[in-house]
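Below is one structure, written out as structure tokens; comments come after it.
The values are calculated or read from the model by the stated rules, or taken from the named source; none is laboratory data. Remember, it's a predicted structure, so these values are computed and weren't measured experimentally. Neighbour counts run over all protein chains shown; Cβ positions are idealised from the backbone, glycine included.
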Amino acid sequence: MKTNKRYTIIALMAAAAALFAVGCKEQAASSTSASESEASSAPVSNTVKIAYPNWAEGIAMTHLIKGVIEDKLGYDVELTQADPGTIYTSLANGGEDIMIDAWLPNTHKSYWDKYGENLEDFGPVYGYGVTGLVVPAYMDVNSIEDLNGIADELDGKIVGIGTGAGIYANTNKAIDTYDLKLEQIASSGPAMTAALQKAIEAKQPIVVTGWKPHWMFSRFDLKVLKDPQGVYPIDAVKVVGREGFAKDYPDLAQLFINYSLTEAQLLDLMDAISEAGSSANPDDVARDWMARNEPLVGSWLPN
């Protein structure tokens with residue numbers, strides 16, 4: 001009986017040891033799995049690279065979301081200003097992470113056709129982007145077709161922005177479509193608005209390439225000329241990113257999907273940045289706007 005009892009105890013001890021070993025293996029496997037999960041969900045870098053064009057709405061939307069990302073989610077943001085062609089190329093090559101000011105599906109169609117398969121679309125920040133030829137309201141023209149009648153008064157020119165902008169290409173198309181006796185003069189967004197303001201102050205005729213949303217429509221009495229041939233399309237102003245961004249930064253991807261502004265909100269922000277002047281830091285203006293619109297900002301944050 002003693003011998004049988006001794007064998008029973010030994011067997012129980014062996015079974016307990018086996019169970020302990022299995023438990024250790026399971027705990028180790030669970031720990032490894034958790035570590036792998038944490039590693040897979042961790043961002044590839046704490047710095048997010050955002051590129052944007054030198055356009056009023058791009059400046060405003062980009063500096064605003066920079067403040068949100070840094071102050072609410074704890075990332076660093078590196079900003080680069082460039083023309084759209086350069087930005088799309090860099091996104092497709094992985095040199096930049098995000099662009100906030102993609103006019104799609106029409107104005108930037110040539111860029112999307114070329115690079116779209118290597119990009120991710122996070123949806124619109126603003127859903128009704130209008131482009132076209134713009135004049136002060138005191139001018140007696142209402143359609144693009146009317147411009148040839150005042151070509152001499154306009155010195156034969158349309159004041160444009162950068163040659164890489166979709167509106168620049170569409171304006172050259174409009175010149176051909178309407179057989180305009182005008183030439184588009186390339187400049188930049190700020191140079192175009194400066195020329196517009198100077199002409200308005202002198203109550204002189206001028207036609208510029210313009211778009212909504214833009215602070216100039218809240219500051220000046222303007223009209224977008226009718227476009228019966230449909231040269232200038234309606235677009236959404238979207239966030240696009242490099243391929244793989246959502247996988248690398250799922251929380252930021254959700255933020256960009258949620259990011260949305262009405263025309264009134266965007267104009268208010270653009271006005272604040274414009275009125276602060278070139279000596280002010282747009283980051284500071286954007287953060288002040290964030291503080292005044294905390295419930296809206298909170299609605300964008302990922303759960």
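Brief remarks follow.
- LEU133 being buried (at least 22 other Cβ atoms within 10 Å of the Cβ) and part of a helix (DSSP H, G or I): no
- Complete set of residues in segment 214-229 that are of a type outside the set (Lys, Arg) and more than 19 Å from the chain's Cα centre (by Cα): MET216, PHE217, SER218, PHE220, ASP221, LEU222, VAL224, LEU225, ASP227, PRO228, GLN229
- For segment 184-223, a tally of residues being among the small types (Gly, Ala, Ser), part of a loop (DSSP other than H, G, I, E, B) and surrounded by 15 or more Cβ atoms within 10 Å (Cβ to Cβ) returns 3.
- Test: residue in segment 250-263 that is touching a Gly at 6+ places or on another chain (Cβ under 9 Å), in the same structural domain as GLU120 (by TED's automatic domain parsing), touching a residue at least 60 places away in the same chain (Cβ under 8 Å) and of a type in the set (Val, Ile, Thr): yes
- Matching residues, segment 234-251, being part of a helix (DSSP H, G or I), of a type outside the set (Asp, Glu) and surrounded by fewer than 20 Cβ atoms within 10 Å (Cβ to Cβ): ALA246, LYS247, PRO250
- Every residue from segment 69-111 that is closer than 19 Å to ASN258 by Cβ and hydroxyl-bearing (Ser, Thr, Tyr): TYR75
- Only residues that are of a type in the set (Ser, Thr, Tyr), assigned to a helix (DSSP H, G or I) and surrounded by fewer than 18 Cβ atoms within 10 Å (Cβ to Cβ) were counted in segment 252-303, giving 1.
- Checked against (1) assigned by TED's automatic domain parsing to the domain that holds SER90; (2) touching a residue at least 24 places away in the same chain (Cβ under 8 Å), LYS247 passes all but condition (2).
- Residues in segment 153-162 that are in contact with an Asp or Glu (Cβ under 8 Å, 6 or more places away or on another chain) and in a loop (DSSP other than H, G, I, E, B): GLY156, GLY162.
- Condition check for ILE167: touching a Phe, Trp or Tyr at 6+ places or on another chain (Cβ under 8 Å) and at pLDDT 95 or above: no
- Picking from residues in segment 136-152 that are among the polar types (S, T, N, Q) and not in a loop (DSSP other than H, G, I, E, B), the one that is farthest from PRO105 (Cα to Cα) is ASN148.
- Residue match in segment 230-244 (condition: more than 21 Å from the chain's Cα centre (by Cα) and farther than 22 Å from TYR126 by Cα): no
- Candidates LEU64, LEU79, LEU73 - the one that is surrounded by 24 or more Cβ atoms within 10 Å (Cβ to Cβ) and hydrophobic (A, V, I, L, M, F, W, C): LEU64
Here's the yes/no breakdown for (1) of a type outside the set (Phe, Trp, Tyr); (2) surrounded by fewer than 22 Cβ atoms within 10 Å (Cβ to Cβ); (3) within 13 Å of ILE185 (Cα to Cα); (4) in contact with an Asp or Glu (Cβ under 7 Å, 6 or more places away or on another chain):
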{"residue": "ASN118", "(1), (2), (3), (4)": "yes, yes, no, yes"}
{"residue": "PRO124", "(1), (2), (3), (4)": "yes, yes, no, no"}
{"residue": "ILE144", "(1), (2), (3), (4)": "yes, no, no, yes"}
{"residue": "TYR168", "(1), (2), (3), (4)": "no, yes, yes, no"}
